[in-house]
1. Assuming 1.306 mPa s and 10 °C, estimate D for the stretch 123-166 with Stokes-Einstein, Rh taken as the Kirkwood radius over Cα pairs, in µm²/s.
2. For a protection proxy built on the mean count of beta-carbon atoms within 10 angstrom, sort 54-63, 33-42 highest first, please.
3. Excluding ligands, DNA and RNA, what is the solvent-accessible area per residue of the stretch 85-189 at a probe of 1.4 Å, expressed in Å²?
4. Just need the relative contact order of the stretch 94-198 here, percent rounded to a whole number, with Cα pairs under 8 Å and 6+ apart.
5. Can you pull the percent of the stretch 125-180's accessible area that's carbon plus sulfur, 1.4 Å probe, other chains left in place?
6. Using 10 Å bins from zero, what percent of all Cα-Cα pairs in the stretch 103-199 falls into each bin?
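The values are calculated or read from the model by the stated rules, or taken from the named source; none is laboratory data. Remember, predicted model here, so these are calculated numbers, not experimental data. Note that each Cβ is placed from the backbone with ideal geometry, even for glycine, and that neighbours are counted across all protein chains shown. Only protein heavy atoms, including side chains, enter the accessible area calculation; ligands, DNA and RNA are left aside. Shrake-Rupley method; radii C 1.70, N 1.55, O 1.52, S 1.80 Å.
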Amino acid sequence: QTMPTGVAGDYAGYGAFGLPGGKSIDDPEKKKKSLTAEINNGRLAMMAIIGMFYQDGLTGSAWGDWSLYTDSPLRAGAAPAGPDFSGELGVTPPLGFWDPLGLSKFKDPEIAVQQFKRRRVIEIQHGRVAMLACIGYIVPEYFKWPGLISPSMNVAFADIPNGLKGMSYIPGAGWLQMITFVGIIEVYNLQTMPTGVAGDYAGYGAFGLPGGKSIDDPEKKKKSLTAEINNGRLAMMAIIGMFYQDGLTGSAWGDWSLYTDSPLR
């Protein structure tokens, strides 16, 4: 009910932090600096207290000790535990087995295992495609095949620009060849019997390439497959970033000075 002064949040009879009876700051420059600091510190504090509530609710500790996650007061009435996927490939610290949406949780444990294996294979396949896509973005910046990609249309490899802009330069027959090639690999890949490791098929070696050599040493194979999963996850994020930056700036490397030249504009 008191009348505010000319400064937002500064009321007569209220001093620093809005405390009643507190002393105000007379020096205008110092007052401006202090109020600016208060606003910024308040913004940081609002984010901090939300984080503390979140971590305290999930772990029982405001400092986020994830070893206490099973003791979270929010999980007192949790459903019975399903299959344990914490020992699967791709489970790495600090997150461990991270499933915030509960996609691996089903009432039927058998269905849970089947769905986990299906999603793991999809993750590996998408990761492999993303890794190849990232290489396909980077290599043409430094090297392009000599000669013609389409002799009938007199289109050379050097004529095709890198990134999204190059899509319109590839002849329709070229797209048909690529889609057919990928489709054949995909169909034959899915028809072969998988081994005991998700994404590992007989006749397909490293990165799922047909005719490639598999890894015989179990420990080395486990290490390599874990690295492949993690690198695939990184590549999926990377290729999305490349597409986004290429679409907005005309360059996969995000040169924002070229934003006005974006092919999407």
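1. Details: Rh = 11.8 Å.
Translational D for this selection: 134 µm²/s.
2. Numbers: 54-63: 15.3, 33-42: 12.0.
Ranking the peptides 54-63, 33-42 by packing returns 54-63, 33-42.
3. Here the residues of the stretch 85-189 average 70 Å² of exposed surface.
4. Values: 36 pairs, mean separation 16.9, N = 105.
Value for the stretch 94-198: 16 percent.
5. Working: 2670 of 3810 Å².
That share works out to 70 percent.
6. 12, 31, 26, 18, 9, 3
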